[in-house]
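**Student:** This is the structure I want to talk about, given as structure tokens.
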Amino acid sequence: MQKMKNLGSIGSSGRLSTEEYEDEEVSKLAISTFQAKEEEIERKKMEVKERVELQLGRAEEETRRLAHIWEELEVLEDPMRKEVAMVRKKIDLANRDLKPLGQNCQKKEKEYKEALEAFNEKNKEKAHLVAALIELLTESERLRMKKLEELCRTVESMSLKQ
């Protein structure tokens, strides 16, 4: 029923009604909002990725340095051995914490790609539906104009007979 009203709201000039214009504006706003959110997600994803990579680099460098120190301590029997062992454990804990962060980052990337794919599919579907609507509206207008011309001829023939 609503579609029929919308079909009837287009005048002979082919202009969209205010309601359809507002619907189109809402659609454009929704798309731009989605794109802004998508850009924000991408920005945050890159920030997290950079932080994870930075922490991984630091952790690897610290691990190498501590391994070297560990070797020197083994030879020297340094009294700081306990502190080094404690720092090494902390580094190992940091490395364990980084693994789930990396996995989480990969999971978010996958979700983002899936959401983008779904968005693109719906956008294609919408474009197809808009094209079908335009075809229906064009055909409807053509049929209405044909009927109007027939009515005009009927009225003219009636006025000529009088």
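**Student:** Out of the residues in segment 15-42 meeting the condition of being of a type in the set (A, V, I, L, M), open to solvent by 70 Å² or more (accessible area, probe 1.4 Å) and within 18 Å of the chain's Cα centre (by Cα), tell me which one is farthest from A127 (Cα to Cα).
**Tutor:** Quick first cut of segment 15-42, residues of a type in the set (A, V, I, L, M) only: 16, 26, 29-31, 36, 41.
Remaining after also requiring open to solvent by 70 Å² or more (accessible area, probe 1.4 Å): 16, 26, 29, 41.
Applying the additional criterion that residues be within 18 Å of the chain's Cα centre (by Cα) yields 26, 29, 41.
Numbers: V26: 16, L29: 16, I41: 25 Å.
Result: I41.
**Student:** Against the conditions (1) more than 23 Å from E50 (Cβ to Cβ); (2) open to solvent by less than 60 Å² (accessible area, probe 1.4 Å), where does L98 fall short? Just the number, please.
**Tutor:** Only one criterion is unmet by L98, namely (1).
**Student:** Tell me which residues, restricted to segment 70-87, are open to solvent by less than 70 Å² (accessible area, probe 1.4 Å) and in a helix (DSSP H, G or I).
**Tutor:** We begin by selecting, within segment 70-87, every residue open to solvent by less than 70 Å² (accessible area, probe 1.4 Å); these are 73, 78, 84-85, 87.
Listed by number, the residues that qualify are L73, V84, A85, V87.
The values are calculated or read from the model by the stated rules, or taken from the named source; none is laboratory data. This one's a predicted model, so the numbers in the text were calculated from it and none came from an experiment. Virtual Cβ from ideal backbone geometry, glycine too; neighbours counted across all protein chains shown. For accessibility, only protein heavy atoms count, side chains too; no ligands or nucleic acids. Shrake-Rupley method; radii C 1.70, N 1.55, O 1.52, S 1.80 Å.
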